[in-house]
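Taking it in order: structure first as structure tokens, then the write-up.
The values are calculated or read from the model by the stated rules, or taken from the named source; none is laboratory data. None of these values were measured; they are calculated from a predicted model. Positions of Cβ are generated from backbone atoms using ideal geometry, with glycine treated the same way; all protein chains shown enter the neighbour counts. These accessible areas exclude ligands, DNA and RNA; they are computed on the full protein's heavy atoms, side chains included. Shrake-Rupley method; radii C 1.70, N 1.55, O 1.52, S 1.80 Å.
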Number of protein chains: 2
Amino acid sequence: MQPMNVGLLGIGTVGGGTFTVLTRNEAEITRRAGRPIRITQVADKNTALAKQVTGGKVAVTDDAFAVAANPSIDIVVELIGGCGVAKELVMQAIANGKHVVTANKALLAVHGNEIFAAAQTRGVIVAFEAAVAGGIPIIKAVREGLTANRIEWIAGIINGTTNFILSEMRDKGISFAEALQDAKRLGYAEADPTFDVEGIDAAHKITILSALAFGIPMQFDRAHIEGISQLEADDIRYAEQLGYRIKLLGMTRRRPNGVELRVHPTLIPAKRLIANVEGVMNAVLVQGDAVGATLYYGRGAGAEPTASAVIADLVDVTRMHTADPEHRVPHLAFQPSAVQDTLVLPLSEVETSYYLRLRVEDKPGVLADITRILADQTISIDAMIQREPNEGESHTDIIILTHVTVEKNIDAAIVKIEALPVVKKKVIRLRMEALG
Amino acid sequence: MQPMNVGLLGIGTVGGGTFTVLTRNEAEITRRAGRPIRITQVADKNTALAKQVTGGKVAVTDDAFAVAANPSIDIVVELIGGCGVAKELVMQAIANGKHVVTANKALLAVHGNEIFAAAQTRGVIVAFEAAVAGGIPIIKAVREGLTANRIEWIAGIINGTTNFILSEMRDKGISFAEALQDAKRLGYAEADPTFDVEGIDAAHKITILSALAFGIPMQFDRAHIEGISQLEADDIRYAEQLGYRIKLLGMTRRRPNGVELRVHPTLIPAKRLIANVEGVMNAVLVQGDAVGATLYYGRGAGAEPTASAVIADLVDVTRMHTADPEHRVPHLAFQPSAVQDTLVLPLSEVETSYYLRLRVEDKPGVLADITRILADQTISIDAMIQREPNEGESHTDIIILTHVTVEKNIDAAIVKIEALPVVKKKVIRLRMEALG
């Protein structure tokens, strides 16, 4: 059969990996796809690099729009990233009737509704397995593997940089700053790590998963995002003593009156499989009403793991492109006409349990005042540690684990607790998920 | 749109679960599939049960062939099991131009080549996600999610009964017989547990995965199958001391001159995520050259978890059935024309590392004799334990872990070792996999 001609936009790490794997495994991939899949044109500002990577076997240009408009190109792979020119190029390619494969989580989380609507109208496929959890086929699992289920929630370790940092902080008992340095030295963190460490990258990914799981629009602007840069080694140690690990989780949960969509450091029971996902590895836990919990684990980043997902999409498009659009797998798991505009709930309405660390004077009655405040907010206590003050100190830490409650109750309790004269610092509040 | 009409053959545990979930989640499933999927006819010898389960809303018959021939049925779901009438019914349904969904691992492992050839000729889909690892979408992951990869090996905990028994033996230090009784009491083992405990069920499943991973025919008859009924609590304890867990693994590995296909109790490093899959849970670890290792975890059995996979197939067929067969996802991941008849290697050619337990007289020179024999077979030792004899005993255990070698070398060494007068019992030999 005729080969599928692919135009590659951006030949950095993932683009290079995609070219390498497509070339190395061409025979194997053709055996699966039924026809060769070939990168026939590459656009990159750095044409010298593009020529070097492709060994002069492929047409190279610095004009990405020329690729998006090239009549001989069947599929455009967008690996430029960001919401600027990448968006124009994707919209152009769609307008030109090309199928699109992208790893651009930011673009889809922020502009996905517009992009998928355009693809629907034009009858082309926009595939994005590489946008969430790198090489783990989690998009396919949620969109096609779990279609029998009413999905209840998804919890994911979907940012390798922060998972590496948290693993280092726990293993070595070091601070966030020290662990971040290690991550930079090993190439796991970028010079400006804000997107990763502040949870924005994870929020893009969990936003995409929430749309797939519940059949709702992308609502990145309503996601609650909290990173790990403020996390202290003490809290990781206390969590450990209580039988928990702290992970940066992307969480999305179905609730009667809306959907929870949040990213924050989260205590999870150490005995859970997902609590033992260490280093740069990713894992996504999906709770369905029929199947129960299923877990998907693997590399969430890197040249070839991400290329694995990009190429899986190329094979999917090659297999599916002749099907009438009515009978293709819908982009976001649900038929476009069946999407419901269920809203993401404000953080104050989130229901979960909490870890509180209080710095208090070591004197009688302190605990009574605090537990009274919690009781007044109908918050019940699940576990507590009160440490003896260190030698020569008059202040100590109290750690409290609560049962499930509403965020606004905790907010109110914390305001009252911080008003107590015996409480010497801002209360440290972390969220907990049983994932049971 | 018109509903898809499904004929259900067999309404036992999984059939009942399929009816329940399809009914309960009809709205959600229709939002995904684009049209309702309805069971309109059920065949079961026990028509009373069928009427009770379906609440009289569905036509019931005791003639399964009538369903396979019913012109109003689009998809036939075969949940009878076994290779007898189930095979006739599947072949009939295919001949009648119906798409087929089956959970029948034995049927596919033994007669899959014939069945998929017939489906190909007739242009119908035979879907079987439920045949391997229950609710875990592992077929889809291997067939569609990892298509970029040259798959190197797959290792799976794909039988919940045996994993439960092994977990019990380890947790409670009890014998196989005692753990089996617990499994029976809890309904995790059947009255005749042979299929599960002797590894036959796992062998059916890994046979199917080997075909999907490597693009080869089903070769169940060439699989090496060893169950857990002979496993002793002592070996589980010794393995633990050495940092390993014993699991019943289904293994299939690509080798230059063939494919390994085997099921046996296997020592795996306790620190691996898959080593911590306990109870009835299943997990499959897939090694691809681009993505590296990915793991898939969930419930491998039970009414609704298995129904989850059956219904995912129904949705897939509903989404895909109008596509021209040339451009559907191939049944076995590779295009039928691209299947290679690579053979499964004989066990003597398998390469892995080994755990050996020797019962020996506690006297000087014993170890020298044994290590000499191993050296002569070019087997190098990775670790060893020699226990002190128990009070008043003159015999003791020596445990040896070897580096990777060829099975036939171990066979030869064991023959020589057992011939030593100081060796008092048959040597216990278990295989090990690093899965790294």
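Quick notes
- Looking at A:Ile228, A:Ile208, just one residue is buried (at least 24 other Cβ atoms within 10 Å of the Cβ), assigned to a helix (DSSP H, G or I) and more than 14 Å from chain B (Cβ to nearest Cβ), and that residue is A:Ile208.
- One residue from B:Gly81, B:Gly55 being farther than 23 Å from B:Pro336 by Cα, of a type outside the set (A, V, I, L, M) and touching a residue at least 40 places away in the same chain (Cβ under 8 Å): B:Gly81
- Exactly one residue out of B:Ala179, B:Ala191 is outside any strand (DSSP E or B), aliphatic (A, V, I, L, M) and touching a residue at least 12 places away in the same chain (Cβ under 8 Å): that is B:Ala179.
- Taking the listed residues A:Thr162, A:Thr147, A:Thr121, the one that is part of a helix (DSSP H, G or I) and surrounded by 23 or more Cβ atoms within 10 Å (Cβ to Cβ) is A:Thr162, with no other qualifying.
- In segment A:1-18, residue farthest from the other protein chains (Cβ to nearest Cβ) [restricted to those that are out of contact with any helix residue (DSSP H, G or I) (no Cβ under 6 Å at 6 or more places or on another chain) and among the hydrophobic types (A, V, I, L, M, F, W, C)]: A:Val6
- Search result, residues across segment A:324-353 that are in a loop (DSSP other than H, G, I, E, B), within 16 Å of B:Val315 (Cα to Cα) and touching a Lys or Arg at 6+ places or on another chain (Cβ under 8 Å): A:Arg328, A:Val329, A:Pro330, A:Leu332, A:Ala333, A:Phe334, A:Gln335
- Some residue of segment A:234-242 being within 20 Å of A:Tyr355 (Cβ to Cβ), hydroxyl-bearing (Ser, Thr, Tyr), in a loop (DSSP other than H, G, I, E, B) and out of contact with any Pro (no Cβ under 8 Å at 6 or more places or on another chain): no
- Considering only residues in segment B:278-318 that are charged (D, E, K, R) and open to solvent by less than 20 Å² (accessible area, probe 1.4 Å), the one that is nearest to the other protein chains (Cβ to nearest Cβ) turns out to be B:Asp316.
- In a residue-by-residue description of segment A:5-23, the property of being in contact with a strand residue (DSSP E or B) (Cβ under 7 Å, 6 or more places away or on another chain), outside any helix (DSSP H, G or I) and under 13 Å from A:Val315 (Cα atoms) applies to at least one position.
- Set side by side, the residues B:His327, B:His264, B:His321 differ, and just one is touching a residue at least 60 places away in the same chain (Cβ under 8 Å), touching a His at 6+ places or on another chain (Cβ under 9 Å) and at the interface with another protein chain (Cβ under 8 Å from one of its Cβ atoms), which is B:His321.
- All positions within segment B:32-72 that are more than 31 Å from the chain's Cα centre (by Cα), within 14 Å of chain A (Cβ to nearest Cβ) and at pLDDT 95 or above: B:Pro36
- Qualifying residue in segment B:123-141 (condition: away from every other protein chain (no Cβ under 13 Å), in contact with a Lys or Arg (Cβ under 6 Å, 6 or more places away or on another chain) and touching a residue at least 40 places away in the same chain (Cβ under 8 Å)): yes
- Leading residue by the ranking (farthest from the chain's Cα centre (by Cα)) among those in segment A:331-340 that are at the interface with chain B (Cβ under 7 Å from one of its Cβ atoms) and touching a residue at least 40 places away in the same chain (Cβ under 8 Å): A:Ala338
- Meets criteria (within 27 Å of the chain's Cα centre (by Cα) and open to solvent by less than 10 Å² (accessible area, probe 1.4 Å)) for B:Thr102: yes
Every residue, every condition in (1) in contact with a helix residue (DSSP H, G or I) (Cβ under 8 Å, 6 or more places away or on another chain); (2) without any contact (Cβ under 8 Å) to a residue 40 or more places away in the chain; (3) of a type in the set (Lys, Arg), yes or no:
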{"residue": "A:Val197", "(1), (2), (3)": "yes, yes, no"}
{"residue": "A:Ala202", "(1), (2), (3)": "yes, no, no"}
{"residue": "A:Ala211", "(1), (2), (3)": "yes, no, no"}
{"residue": "A:Met218", "(1), (2), (3)": "yes, no, no"}
{"residue": "A:Ile225", "(1), (2), (3)": "yes, yes, no"}
{"residue": "A:Ile228", "(1), (2), (3)": "yes, no, no"}
{"residue": "A:Ile236", "(1), (2), (3)": "yes, no, no"}
{"residue": "A:Glu240", "(1), (2), (3)": "yes, no, no"}
{"residue": "A:Gly243", "(1), (2), (3)": "no, yes, no"}
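- Filter result for A:Leu345 (farther than 20 Å from A:Ile414 by Cα and at pLDDT 95 or above): yes
- Restricted to segment B:375-391, and to residues there that are charged (D, E, K, R) and out of contact with any strand residue (DSSP E or B) (no Cβ under 7 Å at 6 or more places or on another chain), the residue that is farthest from B:Ser353 (Cα to Cα) is B:Glu391.
- The set of residues in segment A:249-272 that are open to solvent by 10 Å² or more (accessible area, probe 1.4 Å) and either under 17 Å from A:Glu232 (Cα atoms) or in a strand (DSSP E or B) (or both) comprises A:Arg253, A:Arg254, A:Arg255, A:Pro269.
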